[in-house]
1. For segment A:89-107, what are the residues that are touching a helix residue (DSSP H, G or I) at 6+ places or on another chain (Cβ under 7 Å) and either at positive phi or within 12 Å of chain B (Cβ to nearest Cβ) (or both)?
2. With the checklist (1) facing chain B (nearest Cβ under 10 Å); (2) free of Cβ contacts under 8 Å to residues at least 40 places away in the same chain; (3) farther than 15 Å from residue A:160 by Cα in hand, flag the one item residue A:81 doesn't pass.
3. Out of all the residues in segment C:63-76, which are farther than 16 Å from residue C:99 by Cα and more than 7 Å from every other protein chain (Cβ to nearest Cβ)?
4. Condition first: assigned to a loop (DSSP other than H, G, I, E, B), closer than 14 Å to residue A:148 by Cα, at the interface with another protein chain (Cβ under 7 Å from one of its Cβ atoms) and in contact with a helix residue (DSSP H, G or I) (Cβ under 8 Å, 6 or more places away or on another chain). Now tell me which residues in segment B:108-123 satisfy that.
5. Can you name the number of the only condition in (1) more than 28 Å from residue B:118 (Cα to Cα); (2) buried (at least 20 other Cβ atoms within 10 Å of the Cβ); (3) touching a helix residue (DSSP H, G or I) at 6+ places or on another chain (Cβ under 9 Å); (4) more than 10 Å from chain B (Cβ to nearest Cβ) that residue A:114 fails?
6. Which one of these is more than 22 Å from residue A:45 (Cβ to Cβ) and either surrounded by fewer than 18 Cβ atoms within 10 Å (Cβ to Cβ) or in contact (Cβ under 8 Å) with a residue 24 or more places away in the chain (or both): A:190, A:227?
7. Is it fair to say residue B:104 is modelled with pLDDT of 95 or more, crowded, with 24+ Cβ neighbours inside 10 Å and part of a helix (DSSP H, G or I)?
8. Does segment A:152-166 hold any residues that are under 20 Å from residue A:78 (Cα atoms), touching a helix residue (DSSP H, G or I) at 6+ places or on another chain (Cβ under 8 Å) and more than 7 Å from every other protein chain (Cβ to nearest Cβ), and which are they?
């Protein structure tokens, strides 16, 4: 009995699938892992930063230059495609709910450095569909640029506008490449990483190290004797949009 | 049955050629986007979602609307919908494929798209969205195709089709609820942070989807000699009317909460939409058009004397579709980003390549829809001629 | 069962078999030069022992897996040190460790990659130090 055309196509399809399936399935299930001996575990702290912008000289951008230079952050040159890890905004933009019309003009116009707040309860980590942004045990919210698919849900989720998307290839826009740190490629989202590559070498973050006025203080929030804890206990400080429950770890001394 | 799509009138082939041309133009511009990056679109650091995600959001609603045919027929034995549930399922297939394509072209690193499956993140709503959309696509492909081929052979469908169809009913609700959750769970965007987001999505879905279906049925009646029946069309029109009323009601509720409480965080986005904010008015014309069209359509639909006339009904359905396309598309997605978290207003205007890619995907969707509907019409003709000629 | 067009079917099957076994018969008898990798860099010239992180055979077959493990370990787990089988400790860096010695990417990395048609996209981000310092 001659098989019908439909049956023939079914058999052909199943045969092809059975030939192809092992090639597709096996990479997932037959991973041979390379075991790496050693590797120091991370200490469980929570990194935070305190910023006293009243110490910033007018027009000083040392922290920005240091960070962007160290991390090969491109200067695209237009606000549409721009990429920035740390930048300045005026007080009334950073703290719109704590400002009012009768605020002293110098206070309202005071330039504050803003960056990723390295939240303890980060919404960006919650929404990432590939966990390419994730939280480390020391509190740093990290980016895995190898896994990011560029969906930009993290950018929508971030209440602080701290994240930048590479809408173009950033490499032509890096003035002076730092060969010790990779660039990124087009199509991934990036942000401040609290200089984890410097922390592991015992160095403070680039912005903190570059600031000559000690306006940026970096330390362990869970060590009650750290410089940052003593500072924020002594001086009144605010966090951005604290009512949203994200528990940001950048404390602005006002 | 696919071979039935290869036979058609001259008009059919002109339409297919047109759609293929638009699609190929879209592909060309997508290759340029792959090369240059997403900067070729109008999206910016502040407004990071634009036309692509707006289309995706709207089309998930169209896909979900198949439930408005399936539920009355399969759960309540509303016989008038018997002939056209398959049309609803095919429309859902085409809409879901468009949704997936829009997400794909919106990704910065599309070659890594499988990372969502390789590294699942159950806390992410986008992960669940991928799961429910894929599931819904499979359900509708299977049920639509199998029921149609059984109709063709004039035998009852196999036993496993019924449970699958019943499953598609809550599943349809879930796809649009999950899409609403993408927006409604983000703490930083006050415009989207409302519990009513999912109900709004569902109401506009059940208005815009059946409206499109009515238009498609009227086109089939005119050009393909397939009559869905007056009762089916009029019932669909009633569904559109009530869903539209609910959708308008929900928007008015949002406006009340925003403007009576007078909390700037809630009110300023509606100001941006309807009056402009600090001189930025790019969406104002669009929103008022959407509002006028919605009320005009509602007026036509709730007066039986007028909605019974197919000419007016078609106009009303076009109004509904366009109005909700604006409101649930750019009106929803772009406004969530304005003003930015640092109180800046960056407006969004789609670029030429972006529009070309968008039209290309719409063409792909309509291509799939045309082919599936062509098969449906051909099978109907076979049945009407009294039996089929197999192989 | 009568088969019409037996001639055309046979011809079609023959063409199919020829095409599908292309990889096996093309190149029979030809000799293909293995790519010659150049180790002529200033950093390697200063090495006492010509040994990479691991031995050559291991690196040839496994350097991709090693790099991926380094990548995930560094970014996702914070492990930045790798202890080789002979006990030496290396920093897990592509540009900083691997390319420090193999600074002649075009005469080293690219030669094999071009030969086998592999296009690793590492270098769309990771900097080639020699090209920057030029």
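1. A:90, A:91, A:92, A:99
2. With (1) facing chain B (nearest Cβ under 10 Å); (2) free of Cβ contacts under 8 Å to residues at least 40 places away in the same chain; (3) farther than 15 Å from residue A:160 by Cα applied to residue A:81, the lone miss is (2).
3. Just the residues of segment C:63-76 that are farther than 16 Å from residue C:99 by Cα, to begin with: C:65, C:69, C:72-76.
Of everything in segment C:63-76, those that are farther than 16 Å from residue C:99 by Cα and more than 7 Å from every other protein chain (Cβ to nearest Cβ) turn out to be C:72, C:74.
4. If we filter segment B:108-123 for residues that are assigned to a loop (DSSP other than H, G, I, E, B), which is where we start, we get B:108-109, B:113-114, B:119-123.
With closer than 14 Å to residue A:148 by Cα added as a condition, the list becomes B:108-109, B:113-114, B:119-121.
Narrowing further to those that are at the interface with another protein chain (Cβ under 7 Å from one of its Cβ atoms): B:108-109, B:113, B:119, B:121.
If the condition is that a residue be assigned to a loop (DSSP other than H, G, I, E, B), closer than 14 Å to residue A:148 by Cα, at the interface with another protein chain (Cβ under 7 Å from one of its Cβ atoms) and in contact with a helix residue (DSSP H, G or I) (Cβ under 8 Å, 6 or more places away or on another chain), then B:108, B:113, B:121 are the ones that fit.
5. Against the list (1) more than 28 Å from residue B:118 (Cα to Cα); (2) buried (at least 20 other Cβ atoms within 10 Å of the Cβ); (3) touching a helix residue (DSSP H, G or I) at 6+ places or on another chain (Cβ under 9 Å); (4) more than 10 Å from chain B (Cβ to nearest Cβ), residue A:114 comes up short only on (4).
6. Numbers: A:227 fails: more than 22 Å from residue A:45 (Cβ to Cβ).
Going through A:190, A:227 in turn, just one is more than 22 Å from residue A:45 (Cβ to Cβ) and either surrounded by fewer than 18 Cβ atoms within 10 Å (Cβ to Cβ) or in contact (Cβ under 8 Å) with a residue 24 or more places away in the chain (or both): A:190.
7. Details: modelled with pLDDT of 95 or more: yes; crowded, with 24+ Cβ neighbours inside 10 Å: no; part of a helix (DSSP H, G or I): yes.
When the stated conditions are applied, residue B:104 does not pass them.
8. A:163
The values are calculated or read from the model by the stated rules, or taken from the named source; none is laboratory data. What you see is a predicted model, and the numbers here were worked out from it, not measured in a lab. Please note: Cβ atoms are built from the backbone with ideal geometry, for glycine as well, and neighbour counts cover all protein chains shown.
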